[in-house]
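Engineer: Below is one structure. I have some questions about it.
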Amino acid sequence: MEDNQKKASEMQDDLARVQVLSPGMMVAKRFFRNRLAIVGLVIIICMFLFAFIGGAIIPYGQSEVFYRSEQVKKDYAGASRITDYQVMMKEGEKLPSDGYSESVLAITTGKKNFVTADKQRMCIDELGEETYVLYKGKVPMEKNEIGMIFKRSFTPYAQDVTFSYEFCRDVITAICKGETKIENGGYTIEEFSDSASMVLDAKGENVAYVSDMNVNAVGGGVFLGPDYKEAVVNAIDSDASSFTYVNANGEEEEYLVSRSGGQYVIKRYEESRVIDTYGAPSNQHILGTDANGMDLLARLMYGGRISLLVGFVVVLLEVVIGVIVGGIAGFFGGWIDNILMRLVDVIYCIPAIPLYMILGSIMDYMQVSATVRIYMLCVIMGLIGWVSIARIVRGQILSLREQEFMIAAEATGIRVSRRIFKHLIPNVIPQLIVFASMGLGDVILTEASLSFLGLGIKYPAASWGSIINAVNDSFVMTNYLFVWVPAGFLILLTVLAFNFIGDGLRDAFDPKMKR
């Protein structure tokens, strides 16, 4: 008996407490009874903390590029067989303008004498295989010798050293005759192969490297010594795919040889600083890096700011414009209502996506900055999306303006603006709150879709949609899930949360809902 009385007393207390609650408290009580609404509210709070607090805490910027060091195979040198004749003239002698072509033609046709364009008679004399001496006149004479034409290259053993004509003449003559000693200067020739020989001085020190191959460095300012060229020629002659060479610091380096047409490319691995593209998740980058070497977690945080702000700014613009237009149309009616509703119909007929594409192309052409582009996107979406709110407000006000409290307000002489915004609009706010909360998710999805199509937020600014837009390759999409899945998950979670909140508010504002 006592228990029944206690329960009845508690029920009476609860009933009394409920009866004294304000309408706002009643709505809040109904809202917080909805578990999905609470889940959505918690998710949205977490999203704001993630985007704004997380973006302030994380040490990386949204456009900060990261690098990594790795061994990269780079072109170091090129080599090719000498197929064209090279001319070396004696000091003080000059070859006529067509002397080279006439000399090559004479060699090809087997002639010894030829006449140049300036009527100068010249002749050639074979010194050895593909090696000839040039003379003035019809008969080869020592006093008329002016140069040589051959298919060999001379590489000095020291940088910035040039060889005289007499030295090269003596070396080539000895090589052609198969001799190992040169009388002038006491030089000796050490033959490595049919295509390469080394010239040593009287002390046995290397002086020059003679070969029928050209070996040149790819980069400027790099001196390739005879030892290196010898290693390259030996590798090519032996058809080896790689060789090792001890550099000036005593370090052994490996070089790769590959043939490209009639030429050879020598490559080596060098430690290079490259952009850390598609870096896997690690301690430094929890979610990895994207195609531009930027930290994905930082871009998700900064992108959340833009996506959430775009959603709220666009919805705010829609509500303000929709309330003003719908309130005026519903209150005054008549020709004002007709004009404003026809304006709503016209805006409804505007195809949004083609308009976004046109405006996006215009902003691309004008090279609008990423910040200005965000503001323009908010304004454009707000100017197109207010029509639904205007219709809702108009419909509600059409029914409310005939109520007794509005007749009483009109009888007291309250001005029109006060009647609209003080007495009518507050009665429409519950529906506006529900519509706005559910519309936030639609705006975020629209922004993500526009960014995915390349019409929204532009690089280097980030939004969740633009992060997904960066993954436009099927290989990247299937092999680097960490690049786009987190952004898609955040969009899904945020839209669901706003829908949960909208459903909760709709049920809370419903006066027919049972407690």
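Engineer: Just for region 133-151: of the residues that are outside any strand (DSSP E or B) and open to solvent by less than 50 Å² (accessible area, probe 1.4 Å), which one is nearest to Asp170 (Cα to Cα)?
Structural biologist: Lys151
Engineer: Out of (1) under 57 Å from the mean Cα position of the chain (by Cα); (2) of a type in the set (A, V, I, L, M); (3) closer than 22 Å to Glu230 by Cβ, what's the single condition that is false for Val104?
Structural biologist: For Val104, the failing item is (3).
Engineer: Looking only at residues in region 450-497 that are buried (at least 17 other Cβ atoms within 10 Å of the Cβ) and among the polar types (S, T, N, Q), which one is nearest to Val310 (Cα to Cα)?
Structural biologist: Ser463
Engineer: Would you check which residues across region 66-98 are part of a strand (DSSP E or B) and within 26 Å of Ser211 (Cα to Cα) and list them?
Structural biologist: Lys74, Asp75, Tyr76, Ala77, Gly78, Ala79, Ser80, Arg81, Gln86, Val87, Met88, Met89
Engineer: List the residue pairs whose Cβ atoms are under 7 Å apart, where the first residue sits in region 129-141 and is over 14 Å from Gly110 (Cα atoms), the second is in a strand (DSSP E or B) and aromatic (Phe, Trp, Tyr), and the two are 6 or more positions apart or on different chains.
Structural biologist: Met141/Tyr135
Engineer: Please enumerate the residues belonging to region 394-404 that are part of a helix (DSSP H, G or I) and open to solvent by less than 80 Å² (accessible area, probe 1.4 Å).
Structural biologist: Answer for region 394-404, where residues must be part of a helix (DSSP H, G or I) and open to solvent by less than 80 Å² (accessible area, probe 1.4 Å): Arg394, Gly395, Gln396, Ile397, Leu398, Ser399, Leu400.
Engineer: On to the next question. I'd like the full set of residues that are outside any helix (DSSP H, G or I) and out of contact with any Phe, Trp or Tyr (no Cβ under 6 Å at 6 or more places or on another chain), limited to region 50-65.
Structural biologist: Ile58, Pro59, Tyr60, Gly61, Ser63, Glu64, Val65
Engineer: Just to check your reading of the model, which residue among Glu2, Glu64 is open to solvent by 40 Å² or more (accessible area, probe 1.4 Å), among the charged types (D, E, K, R) and either in contact with a strand residue (DSSP E or B) (Cβ under 8 Å, 6 or more places away or on another chain) or at pLDDT 80 or above (or both)?
Structural biologist: Only one candidate passes the filter, namely Glu64.
Engineer: Restricting attention to region 142-169, report how many residues are under 57 Å from the mean Cα position of the chain (by Cα), within 21 Å of Lys112 (Cβ to Cβ) and free of Cβ contacts under 8 Å to residues at least 12 places away in the same chain.
Structural biologist: The total comes to 0.
Engineer: Quick one: Thr173 ticks every box in (1) open to solvent by less than 30 Å² (accessible area, probe 1.4 Å); (2) closer than 30 Å to Asp239 by Cα; (3) outside any helix (DSSP H, G or I) bar one, so which box is it?
Structural biologist: (3)
Engineer: Evaluate the following for Arg419: is it open to solvent by 70 Å² or more (accessible area, probe 1.4 Å) and either over 26 Å from Gly303 (Cβ atoms) or not in a helix (DSSP H, G or I) (or both)?
Structural biologist: Against the criterion (open to solvent by 70 Å² or more (accessible area, probe 1.4 Å) and either over 26 Å from Gly303 (Cβ atoms) or not in a helix (DSSP H, G or I) (or both)), Arg419 does not qualify.
Engineer: Evaluate region 274-292: report whether one residue or more is in contact (Cβ under 8 Å) with a residue 24 or more places away in the chain, touching a helix residue (DSSP H, G or I) at 6+ places or on another chain (Cβ under 8 Å) and acidic (Asp, Glu).
Structural biologist: yes
Engineer: Moving on to the next point. For region 170-204, name all the residues that are closer than 15 Å to Thr131 by Cβ, of a type outside the set (Gly, Ala, Ser) and touching a residue at least 24 places away in the same chain (Cβ under 8 Å).
Structural biologist: Answer for region 170-204, where residues must be closer than 15 Å to Thr131 by Cβ, of a type outside the set (Gly, Ala, Ser) and touching a residue at least 24 places away in the same chain (Cβ under 8 Å): Val171, Ile172, Thr173, Ile175, Cys176, Lys177.
Engineer: I want to confirm something. Restricting to region 214-268 and keeping residues that are of a type in the set (D, E, K, R) and outside any strand (DSSP E or B), which single residue is most open to solvent (accessible area, probe 1.4 Å)?
Structural biologist: Asp239
Engineer: Separate question: Say we look at region 305-359 and pick out the residues that are open to solvent by 60 Å² or more (accessible area, probe 1.4 Å) and aromatic (Phe, Trp, Tyr); which of these is farthest from Leu49 (Cα to Cα)?
Structural biologist: Trp335
Engineer: Would you say Leu505 is assigned to a helix (DSSP H, G or I), modelled with pLDDT of 75 or more and buried (at least 21 other Cβ atoms within 10 Å of the Cβ)?
Structural biologist: Yes; evaluated as a whole, the condition is true for this residue.
Engineer: If I ask for residues that are open to solvent by 30 Å² or more (accessible area, probe 1.4 Å) and part of a loop (DSSP other than H, G, I, E, B), which ones from region 279-304 would you list?
Structural biologist: Result: Ala280, Pro281, Ser282, Asn283, Gln284, Ile286, Leu287, Ala291, Asn292.
Engineer: Looking at Arg415, Arg419, which one is at pLDDT below 80 and touching a helix residue (DSSP H, G or I) at 6+ places or on another chain (Cβ under 6 Å)?
Structural biologist: None of the others qualify; the one that does is Arg419.
The values are calculated or read from the model by the stated rules, or taken from the named source; none is laboratory data. As the structure is a computational prediction, the values presented were derived from the model and not from experiment. Glycine also receives a Cβ, built like all others from the backbone with ideal geometry; neighbour counts cover every protein chain displayed. SASA here: full protein model, heavy atoms, side chains in, ligands and nucleic acids out. Shrake-Rupley method; radii C 1.70, N 1.55, O 1.52, S 1.80 Å.
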